[in-house]
Amino acid sequence: SLLTRLAYLDIDFKQFKKIKEIKSSITISDLKSITKYPDEPYLGSLRIPQLKRVVTGITTTNLELINEIEQAGLANLKIIDFASDAKTGFNGICFKDSLENVGFSFRGTDPKTLSSLATDSLADVEAFLTDNTDQIEQAQMFFNQNKNDAVQNFLYGHSLGGFLAESVYLKN
């Protein structure tokens, strides 16, 4: 559950790239400094915290989620890649454990704005009706760029993110 929820953190992509230029991987603790709006509920990037709480019932903030991940014994995870595409709504995060196993977590529908909600909802409908969406191709490319055939690769996702994880699994 925590690894699925990891994809819902609202990470500052520019800050992520800056740290990646300096370090080969980012720690869970590093996420504290590059997560936008640390005191808001972690569920995606909708900028209306009260609405997030009412609609989802989630009160855990971005910072609290990171602390939960650390306290659960996952502080040593290394974040090796992060992808976010506002145009299609795709969002994925890739991490390694201490045994070098690779995990991929994909975000589901994320209502950042009304237009992104419409984009993601269209992807949901397209996925349901056709078993296909642009996000599937992005998830597969993200997987191909980061997988390690010498170890285990794990896929996580919720809602549309679960569909993406399932699609990548079936193709591989």
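The values are calculated or read from the model by the stated rules, or taken from the named source; none is laboratory data. Treat the numbers as computed from the prediction; the structure is a model and nothing was measured. Virtual Cβ from ideal backbone geometry, glycine too; neighbours counted across all protein chains shown. Remember, those area values only see protein heavy atoms, side chains included, never the ligands or the DNA or RNA. Shrake-Rupley method; radii C 1.70, N 1.55, O 1.52, S 1.80 Å.
Remarks
- Residue order by solvent-accessible surface for Y8, Y37 is Y37, Y8, largest first, with ligands and nucleic acids left out and a 1.4 Å probe.
- A Förster distance of 22 Å, applied to the separation of the beta-carbon atoms of Q145 and K36, puts the FRET efficiency at 0.35.
- The length gained by stretching the chain between T60 and N132 to full extension, at 0.36 nm per residue less their Cα-Cα distance, is 22.7 nm.
- FRET efficiency estimate (nearest 0.05) - Cβ-Cβ, Q152 to A86, R0 22 angstrom: 0.10
- Ranking by accessible area, most exposed first, for V125, V168 with a 1.4 Å probe: V125, V168
- Each residue of segment 74-79 is assigned a 3J(HN,Hα), and the resulting list reads 9, 5, 8, 4, 10, 7 Hz, derived from the Karplus form 6.51 cos²θ - 1.76 cosθ + 1.60 (θ = phi - 60°), x at Gly and Pro.
- The length gained on full extension between K17 and L122, counted as 0.36 nm times the residue separation minus their Cα-Cα distance, comes to 34.9 nm.
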